[in-house]
Amino acid sequence: DDLVFYGVWGVILGGRLGYVLFYNLSHYMHNPVEVLHIWQGGMSFHGGFTGVLVAFYLFARKYKLKWLSVMDLLAVPTPIGLFLGRCANFVNGELYGRVTESPLGVVFPRGGVLPRHPSQLYEAGMEGLLLGVVLWYLATKTKALNYNGIIGGVFVAGYGLARFVVEFFREPDAQLGFLTFGLTMGQILSLPMIAVGAWLVWSARGRVNV
């Protein structure tokens, strides 16, 4: 129960603050009260993920657990939630992709009259199904759990890579558009995830779980 409590607050606070800081800071600087209006939408995965990391660090410290071990165990089922969340985005017709002539194109009610990439389903497939299978295999068929940080690192790097790729098909946020080198904010925020995840995997041999 305590773990869920910490996680929920980490997602809410981190997700909201991440959106405010990374995606619409100028608006909220002029309308600070609206930071609290979470029912109007505006959450960032990268912010929520950071919030969860901090929350679970505090949880692990309180109960004298190894933080990376906690993250390794929680990383395995997380793609299930990501898969369901992206499917919900598709059903709600939100976070849709860029205009396309591909036969996979979908006309979204709030996306205009032209077909767009169902980028939500691309994310569901990569962040959810594919990443989930990789993590399940590592956790059940290898000795990855014997080393703190391997599974968590694969999750962090895997999500970052999947998000970076899918952003090429996803419509960028209207208030930001394309940023440095034509990248989106989602791609820029994913690059540190790839680097940190790769470092966790590379350095895991020195963190034997005993």
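The values are calculated or read from the model by the stated rules, or taken from the named source; none is laboratory data. These figures come from a predicted structure and were not determined experimentally. Quick reminder, even Gly has a Cβ in these numbers, built from the backbone with ideal geometry, and neighbours come from all protein chains shown. For accessibility, only protein heavy atoms count, side chains too; no ligands or nucleic acids. Shrake-Rupley method; radii C 1.70, N 1.55, O 1.52, S 1.80 Å.
Observations
- Qualifying residue in region 120-127 (condition: closer than 23 Å to G85 by Cα, open to solvent by less than 30 Å² (accessible area, probe 1.4 Å) and polar (S, T, N, Q)): yes
One line per residue, one yes/no per condition, for (1) open to solvent by 70 Å² or more (accessible area, probe 1.4 Å); (2) in a helix (DSSP H, G or I); (3) at pLDDT 95 or above; (4) not acidic (D, E):
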position	(1), (2), (3), (4)
R110	yes, no, no, yes
V133	yes, yes, yes, yes
L145	no, yes, no, yes
G152	no, yes, no, yes
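- The condition of being of a type in the set (A, V, I, L, M, F, W, C), within 15 Å of the chain's Cα centre (by Cα) and assigned to a helix (DSSP H, G or I) holds for L13.
- Here I188, I194 are screened, and the one residue that is at pLDDT below 95, in a helix (DSSP H, G or I) and closer than 22 Å to G85 by Cβ is I188.
- Pick from region 21-34, criterion hydrophobic (A, V, I, L, M, F, W, C) and more than 27 Å from V156 (Cβ to Cβ), ranking: most open to solvent (accessible area, probe 1.4 Å): M29
- Figure legend. Inter-residue proximity from region 44-64: first residues farther than 12 Å from G15 by Cα, second residues of a type in the set (F, W, Y) and surrounded by fewer than 16 Cβ atoms within 10 Å (Cβ to Cβ), beta-carbon distance below 7 Å, spacing 6+ or different chains. Indicated pairs: A55/W9.
- Region 31-46: number of residues that are part of a helix (DSSP H, G or I) and polar (S, T, N, Q): 1
- Checking region 47-68 against the condition returns no match, with no residue being in a loop (DSSP other than H, G, I, E, B), open to solvent by less than 30 Å² (accessible area, probe 1.4 Å) and either modelled with pLDDT under 80 or of a type outside the set (S, T, Y) (or both).
- Residue count for region 9-20, restricted to those that are under 21 Å from F56 (Cβ atoms) and without any contact (Cβ under 8 Å) to a residue 40 or more places away in the chain: 7
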